Amino acid sequence: MAGVIKKTTGLVGLAVSHNPHERLRILYTKILGSLQTMPQDAAYRKYTEQLITQRFNHVKSEHDVEKLEKKINCGQIEEVISQAEAELALSRKMTEWKPWEPLVEEAPANQWKWPI
Amino acid sequence: MAASLVRFVRNGFGRSLNATVRPKDPVTHTQLSEFGEYIAEILPKYVQQVQVTCFNELELMIHPEGIIPVLTFLKDHTNAQFHNMTDLTAVDVPTRQYRFEIVYNLLSLRYNSRIRVKTYTDELSPLDSSVPVHQAADWYEREIWDMFGVFFANHPDLRRILTDYGFEGHPFRKDFPLSGYVEVRYDDEVKRVVAEPVELAQEFRKFDLNSPWEAFPAYHKRKSLHSEFLFGLLLASEDWLLPQ
């Protein structure tokens, strides 16, 4: 194991994380827990579970930070952490909004017609 | 000069005459339409229509109740990450029942991708403000309020931004005249600027700029079968007008 912690992320306001694996483990578990509250056939639950379990497996299998960043392929590990935090907040809001329900109201007949 | 002539002849007349036609990009088109289907599958409650324009731009038409959910989803979801709101405008189409069409343009730096979200409203129905999701929407919503009269609920500070302090009316509406209703001048007697009804030296002239030929024959609305038959005859006789 390399054991070398990078000095800076290069991004303003984003500090280097000392224990990214632990942080990601906690966040992904919370997201998966929040997704359990949605119905099984909801598309959001299906796709997000797929995505999060894939990333979670990468985190569990790869212990080197740099190799993990390459495997996940979505920027630096600190950015991956902020993406996970956003996804957690989103999944909690989705349980309130329930967007998998059918359409609220159809648009009037010529609303989206262009040219008029 | 000689080299360009050689290139012209070698490429053939067909391709060089079509040099100004935008090349189609089917790969980007399919990528965008698949992403649009993905979003429509996740948010069926709010998404009414999804389309990809001929310029490869993804557009998402949503119900006005879904502004905050859809924008939050597009910002926070890992597969979307549209953190930038590049533009927020309104379009006035007075013939529609909901005359104002609000357009949000978003940009994802992570995936180098843009998306357009459209909603609708009329003069009196308020919309949810998107300021809690994107702070950039603040002044844009003030501008829409000032210019169109669309009210945004839960906006931190919704007041006029471009018009004069006592200005009445919403200038970007289609029924607001080009010269406005009021003009200002400095009055020496009262020693301040006064606003008076506008007086133009020349009355407004409207020019009919239509060309005698049809601009977009592919989009022509056929009213009845009889007119279609006659129109077909007309088109056949105009074959020589078609580009090579």
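FYI, it's all coordinate maths here, none of it is from the lab. Note that the coordinates shown come from a computational prediction; the quantities given were computed from them, not determined experimentally. Glycine also receives a Cβ, built like all others from the backbone with ideal geometry; neighbour counts cover every protein chain displayed.
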field: Per-residue Cβ neighbour rank within 10 angstrom, fewest leading, B:207, B:152
entry: B:207, B:152
- request: Identify the residues of the range B:149-192 with backbone N under 11 Å of a label point that sits 7 angstrom from the Cα of residue B:89 along the Cα-to-Cβ direction, or state none.
  value: none
query: Quick one: which of B:111-117, B:157-163, B:190-196 comes out on top by average Cβ neighbours within 10 Å, and what's the full order, highest first?
result: B:111-117, B:157-163, B:190-196
statement: If each K or R counts +1 and each D or E counts -1, the residues other than residue B:180 whose Cβ falls under 11 Å of its Cβ total -3
message: Please compute the modelled spin-label separation between residue B:25 and residue A:57, points set 7 Å along Cα→Cβ, answer in nm with one decimal.
response: 3.3 nm
- request: For the protein assembly as shown, build the convex hull from the C-alpha positions and give me its volume per residue in Å³.
  value: 299 Å³
statement: Between residue B:151 and residues 5 or more places away or on another chain, the pairs with built amide H atoms under 5 Å apart involve B:127
statement: Nearest 10, in degrees from 0 to 90: the angle of helix A:77-97 to the longest Cα principal axis of chain A is 30 degrees
task: Tabulate in residue order the Karplus-calculated ³J(HN,Hα) for the range B:52-61, using 6.51 cos²θ - 1.76 cosθ + 1.60 with θ = phi - 60°, rounded to whole Hz; enter x for Gly and Pro.
output: 10, 6, 5, 8, 6, 10, 7, 10, 10, 9
- prompt: Roughly how big is the protein assembly as shown's charge dipole about its Cα centre, with Cβ charges of +1 (Lys, Arg) and -1 (Asp, Glu), in debye to the nearest 20?
  reply: 1540 debye
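To the nearest 20 debye, what charge dipole does chain A have about its Cα centre, counting +1 at the Cβ of each Lys and Arg and -1 at the Cβ of each Asp and Glu? Mind dumping the intermediate values first?
On the way: 16 positive and 15 negative charges, 57 e Å.
About 280 debye.
Compute the FRET efficiency between residue A:112 and residue B:185 as 1/(1 + (r/R0)^6), taking r as their Cβ-Cβ distance and R0 = 45 Å, and round to the nearest 0.05.
On the way: r = 45 Å, r/R0 = 1.00.
Calculated transfer efficiency: 0.50.
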